[in-house]
1. Return the residues of segment 217-242 that are within 30 Å of residue 29 (Cα to Cα) and either surrounded by 18 or more Cβ atoms within 10 Å (Cβ to Cβ) or aliphatic (A, V, I, L, M) (or both); say none if nothing qualifies.
2. I'd like to verify a number: residues in segment 229-250 that are touching a helix residue (DSSP H, G or I) at 6+ places or on another chain (Cβ under 7 Å) and either free of Cβ contacts under 8 Å to residues at least 24 places away in the same chain or not acidic (Asp, Glu) (or both), how many?
3. Mind telling me which of the residues 40, 87, 119 ends up being modelled with pLDDT of 95 or more and within 30 Å of residue 326 (Cβ to Cβ)?
4. Inside segment 265-303, can you point out the residues that are farther than 19 Å from residue 342 by Cβ, charged (D, E, K, R) and touching a residue at least 24 places away in the same chain (Cβ under 8 Å)?
5. Inside segment 57-79, can you point out the residues that are within 15 Å of ligand 2 (Cβ to nearest atom) and free of Cβ contacts under 8 Å to residues at least 40 places away in the same chain?
6. Filter the helices (runs of 4 or more DSSP H) completely within segment 178-256 down to those with at least 2 residues that are within 15 Å of the chain's Cα centre (by Cα) and of a type outside the set (Phe, Trp, Tyr).
7. Mind listing just one residue for me: the one in segment 80-98 that is within 9 Å of ligand 2 (Cβ to nearest atom) and of a type in the set (Ser, Thr, Tyr) and, of those, nearest to residue 122 (Cα to Cα)?
8. When you go through 106, 115, 101 one by one, which is the residue that is assigned by TED's automatic domain parsing to the domain that holds residue 50, closer than 15 Å to residue 53 by Cβ, within 9 Å of ligand 2 (Cβ to nearest atom) and in contact (Cβ under 8 Å) with a residue 60 or more places away in the chain?
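The values are calculated or read from the model by the stated rules, or taken from the named source; none is laboratory data. From a predicted model like this one, the values you see are computed outputs, not experimental measurements. FYI the Cβ positions are ideal-geometry reconstructions off the backbone, even for glycines, and counts take in every protein chain you see.
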Amino acid sequence: MGKETGFIEYKRVSTAYRDPKKRIQDFDEFLQPLSEEDRKIQAARCMDCGVPFCQSDNGCPVDNLIPEWNDLVYRGEWQEAFYRLIKTNNFPEFTGRVCPAPCEHACVLGINEPAITIKDNECTIIDRAYKHGLMKPRIPKRRTGKKIAIIGSGPAGLASADQLNQVGHRVEVFERDDRIGGLLMYGIPNMKLSKELVQRRVDLLSAEGIVFRPGVAVGSAISGEKLLESFDAVLVAVGSTRPRDLPIDGRSLEGVHYAMDFLRPNTKSLLDSQLRDGNFISAKGKHVVVIGGGDTGNDCIGTAMRHGCKSLTNFELLAKPPKERGTQFPWPTFARTYKLDYGHAEAAAVFDNDPREYGILSERFIGENGKLTGIQTVRVRWEKPMPGQRPSFQKIEGTEEHWECDLALLSMGFVGPEPTVCDQLGITLDEIGRIDAQYGSFATNVKKVFTAGDARRGQSLVVWAIKEGRGAAKAIDTFLCGSSTLPD
Ligand SMILES: Cc1cc2nc3c(=O)[nH]c(=O)nc-3n(C[C@H](O)[C@H](O)[C@H](O)COP(=O)(O)OP(=O)(O)OC[C@H]3O[C@@H](n4cnc5c(N)ncnc54)[C@H](O)[C@@H]3O)c2cc1C
Ligand code: SF4
């Protein structure tokens, strides 16, 4: 334990964000990290609990050795902290920026004080390791002669590739997009995760021997059967990319788009030409309504704010969450409380109020000459569910409203992987459309085909994709060699 009285002496200070009105002028990262000295003070708050809930069960999915590296940071032993961190997490530079930090929700200090800044500490350890030249290619000393194809280059595919390469297998990653990284590259926007950092990691993995095949869609450019013939094992890590639709009147009007049809081209155009090629949907001067919340909705808000939208509203079907965790979300579970994320803060700074409207249902898109001009809504009241039943809502009579809108972005989640690869390989899906494979074995119904990440788990988090990618690597290594020294 670093400083015995640290948690009494020091208050939590999180990494600051750039001023909202200034940061919407560009797509650069918004984080403003603390100095190393201030970070050491934050690490000193860790109590080194007998049972570190932060790193187990409800806490960190990759079981990061949190109290150990907090102690090392407090002592200024940054290099040792870095070695501890990379034992469990392949890509802390990503989770240190985008993870919702379930570890902090499970932090024991968090019961009656603000939790330790675990995520920020993680980010500083890895950023510092890159800065000080510790992140060098680790080229495997021996090769096994086994070949593995990975379909999809998101965090699940990349984590698995990293693990399998390190034990000496030859790994090729097939990605249909022109850049590697999955949603790290073309989902999460630049201001939250710089694409230079994603490319820096891809370059490192390349230098370590992983072969990347961008622009190769499995199912059309190369068949699934061909991969099965040519490789000893195949990992399907294609994500959960089918968006949930809103099939109400007016859905086909010009101006109604899925969130990813807005976010992906924006990042591509930004990387290709600093948005000069115009190959993206612009929110400039528009009345924007984002339907649905979560990270995707918030990223749509942040992107629309950077384009210079005229107004911004965010519809949320659910009721406003509580400010504090109550009996509904007891410690150490993840508390779904009210929080002002970066996009909400930016809209609030420019338009003087939180853009979210809670308990609202979109009933009809309205248009003129085929173009969207507005949305008709009604307010809803949520009913307390009976035990074992799902929550339901009732429309509130007389609460119909009309919202001016010429750009509506649908951000209501994703329903599973696209069918092409699964159909071609004969992979079975479960009852809700995810690839059917047990956590732990990660094996599909097709011999030598494994799966990991959102494709198996359903829409989830980067940290869970990393965890699943690691687990699938161990399962594949065991399948190929009879046993494995890889961790789960
Ligand atoms: C807009 C957005 C913001 C998000 N923000 C956060 C966040 O802040 N924090 C967080 O923890 N999580 C966030 N998430 C969730 C997180 O990004 C995902 O859970 C994670 O990326 C899943 O990883 P994956 O490797 O399973 O799949 P993906 O990252 O989806 O990668 C799958 C890859 O497979 C490729 N692919 C699909 N089919 C084929 C094919 N036939 N041939 C070749 N390649 C193929 C796709 O092009 C894609 O690159 C966000 C998600 C979205 C959509
Ligand atoms: S990966 Fe996420 S849960 Fe794990 S320590 Fe980092 S921020 Fe916490």
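1. 237, 238, 239, 240, 241
2. Here is the first cut: in segment 229-250, the residues touching a helix residue (DSSP H, G or I) at 6+ places or on another chain (Cβ under 7 Å) are 232-240, 243.
Now narrow it down to the ones that are either free of Cβ contacts under 8 Å to residues at least 24 places away in the same chain or not acidic (Asp, Glu) (or both): 233-240, 243.
Looking only at that region, the number is 9.
3. Details: 40 fails: within 30 Å of residue 326 (Cβ to Cβ); 87 fails: within 30 Å of residue 326 (Cβ to Cβ).
Just one listed residue meets the conditions, 119.
4. Answer for segment 265-303, where residues must be farther than 19 Å from residue 342 by Cβ, charged (D, E, K, R) and touching a residue at least 24 places away in the same chain (Cβ under 8 Å): 268, 284, 286.
5. 63, 65, 68, 72
6. 183-186, 195-207
7. 95
8. Being assigned by TED's automatic domain parsing to the domain that holds residue 50, closer than 15 Å to residue 53 by Cβ, within 9 Å of ligand 2 (Cβ to nearest atom) and in contact (Cβ under 8 Å) with a residue 60 or more places away in the chain holds for just one of 106, 115, 101, which is 106.
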